Each structure stands twice: as C-alpha cells, then as structure tokens.
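> Below: one structure in structure tokens.
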Amino acid sequence: MIHLGKIEKSYPLEGGRSWVLRNVDLDIADGEFVSVMGPSGAGKSSLLNVLGLMDHDWQGSYALDGVVVDKLNTKQRQALQREKIGFIFQHYHLIDDLKVWENLDLPLQYRDVPAKERAARVADLLDRFQIVGKKELYPSQLSGGQQQLVAVARAVITRPKVLLADEPTGALHSGQARIIMDLLAELHKEGMTIVQVTHNELYANEAQRIIRLRDGWIEKS
Amino acid sequence: MLADFRFALRALLRSPVFTLVSVLMLGSGIGLSIFMFSSINAFVLKPLPFPEPDRLVHFEYTDSHATSRNLALPALDWLDLRERQKTLKSLAAYTVGTANLGGIDGPAERLSGAWVSADALSTLGIVPILGRDLVASDQVDGAEPVAVIGFSLWQQNLNADPAVIGRSLRINGKLTRIVGVMPRDFAFPMAESVWMPLSSSRGSEQRESDTLVKAFGRLLPGVSMAQAQADFANLMTGLAAERGKPLRGDQAKVEPFADEFILPQILGATKTMFIAVLLVLLIACANVASLVMARFSARARELSVRAALGASRRRLIMQVLGESMIIAALAGTLGYVGAEVAGHLMTRTMTAGNGFMPYWVDYRTDWHDLVFSVGIALAAALLAGLVPALRAGRVDIQSGLRQGSAGSIGDGSKLGRSLVAAEVALSVVLLVCAGVAIRSALQAQDAPFGIETDQVLSGRIAMFDDDYPDAAARLRFTENLAPRLIALPGVSHVAFASTLPLMGYERQKYARVGDDTTDDNDRPQAWSSSVSDDFFKVFGITLREGRSFDARDTAGSPLVAVVSASFAKKVWPNSSALGQRVQLNPKDPESPWLEVVGVVADSLQADYLITSATLPAHRGDGNVFRPISQNPPSIVSFALRADGDVAALSESVRGAVTAVDANLPVYWLQGMNQWRDKILWGTNILANLFGVFAVFALLLAVAGIYAVLAFDVNARTREIGVRRALGAGSRGVLGLVLKRGARQVIVGLVIGIPLALAFSRLLGAVVMPGASNDPLVYVVVIAALVVALLFAALIPARRALRVDPMVALRNE
C-alpha cells in the first residue's frame, strides 16, 4: 500500500541544514496496522505529514496504492489525498461551529458526494459509532472521548484506504483511549491500513509492527 | 457552495459583535455612497419627464465679460430669433413670477406662475389632462386672460371640480379664465402651479428692457447642439448689426435642457462629495478586511482542518469570501434603506426648503440606484474579503494543526497594519476636507453682513397693474399698511423696500458725473434698492454722513440717494460723497441723476457668498439706496423690528395686509434669521456633510487601529510576559503598544497629507473657491489623529499592562 524510498526532509539553517527525516525506507502492506514511535523531535509527525500528502517538500520516492506520488502536481496530490487518506488528530480538530453530523458530513461535501448518499453514510456511521443521540450537539458539548469518537468517524466516513492517526489517544484518559484503540482494531480487522503515531508502548503494541524513529532515522530493530 | 454560505452565515451568527460591527461599518460606507449616487442619479442620470428629453435644449445669451453664467433674453430678441432660427422645431419661451390668486373661497394666496409662449407646453411634449393648451391667439395683446392650471391647484383649491374649464380665477387682479388642467406633478419650469400666455406683442420700445425671457426648444431631426449654437451665434451677430447696437449678451449658448436648472456648484459639490463618500467606503472596506483577516488568522486551525479533510482551495476561499459577501449583503441592504430614508428627507428639504431644484429632480431611489447598490455591495465584499480569502486559500495545514499553534493565514498582522495605514491616509484626506469646509462655513457665518437680523420679521407683497395702476396707488398701499403694522404689539420700526438685504438687491450699472465711458459693458455695477425712511433703523445700518431718507423725500422733490461707505470710497475716493450725483442704469437715457444725501455703513447683498467667490464681477461696488417714495416698486418687501418672538406676529401681519387689501397675499413671511440661514445653507450643508464623513472616517480609523493593536497585544502576550518578567515597567509596555499604532499613523500621515493637499485644492476649485489650505487645519487633523491613536490604544494598552508574566508563560 505504501512504499517510501530514501525519503529525506530538511530545513535550511545558518551554516547547514536541520534534518527532519533521513533516508527513510518504509513499506507498509495493504491492511497492515503500524505504530510509529520515538522521542519528541524524532520526526514522527513529519513522517505522518509526508504519508498523508500534507507535506510536499521532501526528496525521495513515494508510492501510495500504486500511484507514484512524487510525480504528481499539487492538484493531483490533493485528489489522491481525498480519495485514499483519512486523518485522526490528537486534538480531534472538530469544527466548533458545526454540529456532530455536520462535522461528519463535511469531508463528503468536499468530495462532492450527492446529498442523499451523504445523509445515508452519516446516518450509518452515527449508528455504528453509537453517537446518534449526539448528532445535533456541537463539539464543545461533548467530552474529549466523544469528540475523538466523532473525529474517527469523520476520518473513516470517506472510506479511505489508509487511516493516519497522530497520537489519537494522547489527549484522552485511559477509559476513553481504550474505546478509540478498540475502534482502530475493528477498522483494521475490516481491512483498513492504519498508521498511528503514539507515545504509549501499550497501544503501540496493539499494532502489527512498530517503527521507531530517532533524529529522523528509522532505527533498525 | 450553498453549504459554504450556510456555514458562513452560522459562523457570523455565532460572532454577533464582529458581524454587527462589520455590517455597521460597511453599511455606513455603502449607505453614504448610495445616497450620493442617488443625488447624481437624480441630477444627471434620470431622464427628464418629457418625451425624447435628449432633444430638448435651452438657449441663452452669455456675456464674454463673464458677469454672469447665463443671461435671459429680452422678449424682443426672442421674438426676432424665433422667426429666424432654423435648427429648432420652435423657440419657446417662458418667464416666472408671482401669481396672486383670488376669487376662490378663503384668503388670497400667492402662487408661483409661469408666463409661457403658446408652444411651450407642446414643445415639452406634455398636454393638459383637461381642456386645452394655450394657443397663439391667447398671446396677443387684448386677448381674454386665460390660464392653464396645475393639478394640485385644481385638486386642492378648486375641489377637483370636473367642470373647472371655463371657470374664472382672479390672478394678479385680472379675471382669468381657466382653459386647461395639467397632469399631476407637472410644475414647469421649477415649481410653478399656473401657466399664462406670454405676450407675443412687440408693443412699445420700452418692452425690450421690461421683459426678459428664457428660451428653449426641441432640436430638429439631424441637428446637433453645436449646429444649433452656431446658428444662434450667426443670428445674434445679424440682429446686433441690424439694430446697430450690441445685444444683452454677446455669445449664444445652447445646452442640454436640464443644465439650465441644476446649478453647476451643486452638481460639482455633489460629485466631490461622491468621491468623499467613496473614500469613506474604502476606509470601511479596509477596516472590515482587517477584521476579517484577524478573525480568520484566529481561525487558521479550522481552515487547516478543512484543508486536511479535503477542502479544495476554491472551497476555502469561498468559506472566507462567503462571510464577506453576507456582511456586504446585509450592509448593502442597510445602506440602501438608509439612503432611501435620507433621499426622502432630502427631497423634502430641497423642495420645501429652498427651491434650488426643479420639480422633476427626485431623490427617490430607482433601478439605477438598485444596480449601483448591488454593484457597490459586491465591490465592497470583494475589497473587504478577497485578500483574506486568497490568504485563506494558501493556509499552511501543518502549522495550523500543530498543537498549541495560534496558526496563521499568512502574515495577517502585516497586511492589517498596511490596511490601517491606508485607512489613516484616507481619513487624513477627509478630515482635511472637512476642516477646510468647516473653516469656510465659519468664515461665512462671521461674514460682515452689516445688518442686524435678530428680531426682524420680513415678507413680500406683489401689487399688479389692474388694482395698482400707478406709483401713487402703490405708495398709498404702503402708507396705509405702515400704521397697521407699527400698531402691532412690540413692533418698534417698520420698513418697506423693493428688495431686502440678503434677498438680493438689484444689480445695476451706474455712472457718475464726468465718466467718459460710453460702452455699457465697461460700466461698474452697484447693488440698489428703494427703501422707506425707517429701513436703516430696522436693520441697524448706521448713518455715517449726511442724512437718511425722511418726509422731505417725496415723489415730487429732488431725486436723492443714500450710498454705502464702500461705494462712496470707491466712487469718490478723494472727496465727500455728499452732494455728488450718480445715475443708475445709464443705458436708459431717461434714467434720472440722483443726488447723494447720506452715507451709511456697508451691508452685503444676497448672494454674496456664492457670487463673490465664483464671479468677482458680481461683487459690485457697494449699495445705492433710493427713497421708496420716489421709486415705488410693484412688488414690495416689508420688514418690521419687534420685541419677543417675531414669528408669532405672522398672523397679525397677514391680518393687517388683508385689512388694507383682502386680495393681496403675503408671501416669504419669515424672520430675517431664516434668510440668513438660507444664504448660509449651501456652505453649512457642505461643512456638515464633510463633517459627518470625517467623523465616520475618524471612527473607522480608530476602530482599525484598535483592531490591529488588540490583535497585536493578543499575539504578543507571551513576549509581553517575558519582557515583564525581565523587568519591563509600565512605560516600557505602553511604549511597545503605542509604537505599533504610531507607526501606522505616521505612515498614514505621510501618504495622506499630500493626497489631502491635492483633494482639498480640487474641493476649493469646484465648490468652495474661497476655501484655502490653512495650516491650522492640518495641525488640528494631526492632533485629532494623535488623540484617536491614544483613544484606540486605550483598551489594548490596559490589556497589555495587565499581562501577568506567570500566566503568560504558563499558557505557552
């Protein structure tokens, strides 16, 4: 599903460069669940941004589901992102002004999904995530765990092939975190490729594989 | 797209203060722009209420000696030119005047009437709704007096009598038969309500100087205005050669019909003010843009999330632009409604007040205004929203999503600061113009009128030949009226005059003994009026030398004059004016020589403020007064000085006049202070309007500076905390805040002052020729902006001073 070849990313600095990712080679198979770990500043989030096509300023080669990303222009990358990628953020990043169901509806709107189908998919996910009763609430009226639940639902509503989760449990207490991890496990079981960045060894171990980063390099196991 | 608007609307509803402030700011700018545009629309764009209005032209003389913009034609010239011209369907003519209406139940009433040629109404293309138009035979001397009456006269005074045709009215003492009723709203040429035939008889030679008419016509197919003008110029040359003497004017002027009625000063002022309000709108747009920028900078995280969820650049742009468009739509609606209300008020002021505008000028909004309003609102939306929207389209997703990041949509604060500097620059332009306008108005207020207007009530009465056939009859009337007026409670002095100060003395050429000028064009001018004995007492005009008029001055006694001090000084600089002789209207060989018996203090003529600035030749050399007993006018003004509220005497005054002659209506009955206000009206309204624009501009600038400083302080909370922790005192923190604002003000001043110099010069050239670039105005403007800066910095500075280093650093 994902093939990274010699990915390098750096920022120019006075008298040299500051390296963020160094010579990263990585293959993630279709349906694989991978955890990315490492200390602060190791390059975890940068790697996720490259994988999620939010960062285009890198060298190397990247193929996503058979599509060679480094040959694409910005528009094509955005289209590919819309088609293949779902995001979960540590701080949920729900839109405060939108109700729960509208937050779920938003990615579908951006993909020009017809209204009828959107309504069906939103209803389906609300049901599946057991948040039907919360659909008319605004994010500020939900607990952290509930907000992350909505964020996961929003990430998968477009049926992405790859789900990228940046410390999805980082802001949650253990009870809420458990629910989210169970949900990720379920999605994985259904065949979704998942890459999660986490500091939590326990949750990292729930993935099939752990990739450890240090100073931009992947540590050899 | 619809969803974007829906979300934008909801986002606005959730920020009611931002929405309200933005709508009010933009609404005021849009409203002012629509209002000024509808004025221009009313003057220039709306078609005249006549068929094929583009083919209607006005014809006048002009004088290359530039003593006047336009000159009316002597009736004899009109008659000659009418027969010879070949470019117009016909050359119609009119003159306006007083029509004293009697013969209907109730008191006599003074109407404004027009004496028109038989082809005038048909040339306009308007036909009576009842009865017939005037015909050529009505114009012949000795024909039965007839009139076509206006719709409202028919409705209100004649109870809409369907059998009104054939009924008779007493107009100016003559029994006049009604032959037609004009359609509703017709009031040609300005605000007239009855139309009578203009005599087409060549009559006596005297006629030339008696009747002046205004001429107009409809261009023949294929004839241009320039061709018509050339034709009339040739005809004038021929006519002058034929008569062996120059005509009243030496050049022909054919102009679009409406141009005769809309004063160029008013049009110029309107256009200048339109530019001024566009500046206000620009400032408002800059302000809203800077608010939108600040708002979306704070919402960068949201935009980043949307981008991460797959929102295209176009959708992000629409998200921001949608809010600006909704704000502009609300502001446009508010502005349109405001402009509509102001338009109604303006129509009322203009028509009821000063009679500056012809009846067809209508400030009410029409489709032109609607299109302009939509256009200006759209432009405002783009001006205010496009830059923030484009920046939103380039949102940096990674930085926006970073934990704890305030996010950014480009360097919004830098752009915001530039916008505020631009606002300050535009405010400087408006403040300077307001300053110049207000200075002019104050100067005008302080102008030495030379008369005391408090406690003086004035009015006018028109006497016509049928009832007052000669000077003796007219004099008898004033002699009968005077004791009745003086007997009214509180009245101390009563005066009669052909014209009163501020209403317009008559401008006349004059000659003194020994002048060698023979060309009338080269003769100097003076302002003259025939006045009764107590005239100088009523107006507090002091006697400087000799005597005032008294019982010695009768119709049969030697003809005398009293002149003003400036006239005496100008005409007889090296000797006393007493005993000197002066002749008014020397062109007329029968005009008598007058002996100067007194010199009084100067008093200004009516349109001094307009004409002194625009046409220096109008100023005249001072005043020449004649005793009313030796030159009684047929239309006489009166003035009485009284204690207490002079307006309360109005009914008693009418009663006194009715007691002498029940058929004579009193008109223009008002305090002299009202005349004074009327003269100052134009200058005052300009100063007031510019004042309003400038206050708006200043408020908007304060809001802009405040927004930038507040945003700045917010963004620099940590920095301020660190500085505090490092030992910065209150003065240091205040300096930090003020320095940011001061930079905008300084940049704004540097850009704004040269712009203001140029714009105020334009203002001076177009509307206020007397206005000058006074350094004091600039000093006041700079002071005002410094105060505005301090005021705008007040809240952000307080907030900055309250930053607790511990809290600020912990937040980080």
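The values are calculated or read from the model by the stated rules, or taken from the named source; none is laboratory data. The model shown is predicted, which means the values in this text are computed figures rather than measured ones. We place every Cβ from the backbone using ideal geometry, glycine too, and count neighbours over all the protein chains shown.
> Can you confirm whether A:Pro107 is facing chain B (nearest Cβ under 10 Å) and either over 23 Å from A:Glu190 (Cβ atoms) or buried (at least 17 other Cβ atoms within 10 Å of the Cβ) (or both)?
Numbers: facing chain B (nearest Cβ under 10 Å): yes; either over 23 Å from A:Glu190 (Cβ atoms) or buried (at least 17 other Cβ atoms within 10 Å of the Cβ) (or both): yes.
So A:Pro107 passes the test.
> Being within 14 Å of another protein chain (Cβ to nearest Cβ) and crowded, with 17+ Cβ neighbours inside 10 Å narrows it down to one residue among B:Phe59, B:Phe18; which is it?
One residue alone meets the criteria, B:Phe18.
> Only residues that are surrounded by fewer than 23 Cβ atoms within 10 Å (Cβ to Cβ) and either among the small types (Gly, Ala, Ser) or in contact with a Phe, Trp or Tyr (Cβ under 6 Å, 6 or more places away or on another chain) (or both): list them for segment B:531-561, please.
Result: B:Asp533, B:Gly540, B:Gly546, B:Ser548, B:Ala551, B:Ala555, B:Gly556, B:Ser557.
> Take segment B:369-396 and flag every residue that is surrounded by fewer than 23 Cβ atoms within 10 Å (Cβ to Cβ) and in contact with a Leu (Cβ under 6 Å, 6 or more places away or on another chain).
Result: B:Gly393, single match.
> Regarding segment B:322-344, can at least one residue be identified that is at pLDDT 80 or above, within 14 Å of chain A (Cβ to nearest Cβ) and not in a helix (DSSP H, G or I)?
no
> Give me a count of the residues in segment A:94-104 that are over 11 Å from A:Ala151 (Cα atoms) and facing another protein chain (nearest Cβ under 9 Å).
Total satisfying the criteria: 4.
> Then there's this: Looking at A:Arg77, is it modelled with pLDDT under 90 and either away from chain B (no Cβ under 14 Å) or not in a loop (DSSP other than H, G, I, E, B) (or both)?
Here the answer is yes, as A:Arg77 does meet what is asked.
> Right, next: Residues in segment B:712-719: is at least one under 30 Å from B:Leu278 (Cβ atoms), assigned to a helix (DSSP H, G or I) and in the same structural domain as B:Ile438 (by TED's automatic domain parsing)?
The answer is yes, given that some residue of segment B:712-719 is under 30 Å from B:Leu278 (Cβ atoms), assigned to a helix (DSSP H, G or I) and in the same structural domain as B:Ile438 (by TED's automatic domain parsing).
> Give just the number: which of (1) touching a His at 6+ places or on another chain (Cβ under 8 Å); (2) away from every other protein chain (no Cβ under 14 Å) does A:Gly170 not satisfy?
(2)
> Could you name every one of the strands (runs of 3 or more DSSP E) located completely within segment B:1-117 that has at least 1 residues being more than 27 Å from the chain's Cα centre (by Cα)?
Working: elements: B:56-62, B:88-102, B:109-116.
Correct list: B:88-102, B:109-116.
One line per residue, one yes/no per condition, for (1) at pLDDT 90 or above; (2) on the phi > 0 side of the Ramachandran plot; (3) within 14 Å of another protein chain (Cβ to nearest Cβ); (4) crowded, with 17+ Cβ neighbours inside 10 Å:
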residue	(1), (2), (3), (4)
A:Phe87	no, no, yes, yes
A:His91	no, no, yes, yes
A:Ile131	no, no, no, yes
A:Gln146	no, no, no, yes
A:Val152	no, no, yes, yes
A:Leu163	yes, no, yes, yes
A:Ser174	no, no, no, no
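> Against the definition (in contact (Cβ under 8 Å) with a residue 12 or more places away in the chain, within 11 Å of chain B (Cβ to nearest Cβ) and under 20 Å from the mean Cα position of the chain (by Cα)), how does A:Arg118 come out, yes or no?
Numbers: in contact (Cβ under 8 Å) with a residue 12 or more places away in the chain: yes; within 11 Å of chain B (Cβ to nearest Cβ): yes; under 20 Å from the mean Cα position of the chain (by Cα): no.
So A:Arg118 does not fit the description; no.
Matching residues to (1) surrounded by fewer than 18 Cβ atoms within 10 Å (Cβ to Cβ); (2) within 30 Å of B:Gly335 (Cα to Cα); (3) modelled with pLDDT of 90 or more:
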| site | (1), (2), (3) |
| --- | --- |
| B:Ala42 | no, yes, no |
| B:Pro49 | yes, yes, no |
| B:Ala72 | no, no, no |
| B:Leu81 | no, no, yes |
| B:Gly106 | yes, no, no |
| B:Val116 | no, no, yes |
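> Evaluate segment B:689-699: report whether one residue or more is of a type outside the set (A, V, I, L, M, F, W, C) and under 29 Å from the mean Cα position of the chain (by Cα).
Our first condition is that a residue be of a type outside the set (A, V, I, L, M, F, W, C); within segment B:689-699, this holds for B:691.
In the following step, the residues that additionally are under 29 Å from the mean Cα position of the chain (by Cα) were identified as B:691.
Yes, segment B:689-699 has at least one match.
> A:Glu136 versus (1) within 14 Å of chain B (Cβ to nearest Cβ); (2) surrounded by 20 or more Cβ atoms within 10 Å (Cβ to Cβ); (3) at pLDDT 90 or above: which is the lone unmet condition?
Unmet condition: (2).
> Same structure, new question: Among the listed residues B:Leu316, B:Leu309, which satisfies the condition of being within 11 Å of another protein chain (Cβ to nearest Cβ), without any contact (Cβ under 8 Å) to a residue 40 or more places away in the chain and on the phi < 0 side of the Ramachandran plot?
Details: B:Leu316 fails: without any contact (Cβ under 8 Å) to a residue 40 or more places away in the chain.
Matching residue, one of B:Leu316, B:Leu309: B:Leu309.
> Sticking with this one: What's the number of the condition B:Ala160 fails, among (1) among the aliphatic types (A, V, I, L, M); (2) out of contact with any strand residue (DSSP E or B) (no Cβ under 7 Å at 6 or more places or on another chain); (3) touching a residue at least 12 places away in the same chain (Cβ under 8 Å)?
Of the numbered conditions (1) among the aliphatic types (A, V, I, L, M); (2) out of contact with any strand residue (DSSP E or B) (no Cβ under 7 Å at 6 or more places or on another chain); (3) touching a residue at least 12 places away in the same chain (Cβ under 8 Å), the odd one out for B:Ala160 is (3).
> Quick one: in segment B:90-104, of everything that is in contact with a helix residue (DSSP H, G or I) (Cβ under 7 Å, 6 or more places away or on another chain) and not small (Gly, Ala, Ser), which residue is surrounded by the most Cβ atoms within 10 Å (Cβ to Cβ)?
Among them, the one singled out is B:Leu91.
> Moving on to the next point. Hey, can you tell me all the residues within segment A:63-74 that are within 14 Å of another protein chain (Cβ to nearest Cβ) and not in a helix (DSSP H, G or I)?
A:Asn73
> Within segment B:448-501, can you find the residues that are more than 17 Å from B:Gly671 (Cα to Cα) and not in a helix (DSSP H, G or I)?
Passing the criteria: B:Pro448, B:Ala462, B:Met463, B:Phe464, B:Asp465, B:Asp466, B:Asp467, B:Tyr468, B:Pro469, B:Asp470, B:Ala487, B:Ser498.
> Any residue in segment A:51-62 that's more than 10 Å from chain B (Cβ to nearest Cβ): show its pairings with residues that are assigned to a strand (DSSP E or B) and of a type in the set (Asp, Glu) at Cβ separation under 9 Å, as long as the two are six or more apart or on different chains.
These pairs meet every condition: A:Trp58/A:Glu8; A:Gln59/A:Glu8; A:Gly60/A:Glu8; A:Gly60/A:Asp25.
> Would you check if there is a residue in segment B:494-516 being in the same structural domain as B:Lys587 (by TED's automatic domain parsing), among the hydroxyl-bearing types (Ser, Thr, Tyr) and free of Cβ contacts under 8 Å to residues at least 60 places away in the same chain?
No, there is no match, as no residue in segment B:494-516 is in the same structural domain as B:Lys587 (by TED's automatic domain parsing), among the hydroxyl-bearing types (Ser, Thr, Tyr) and free of Cβ contacts under 8 Å to residues at least 60 places away in the same chain.
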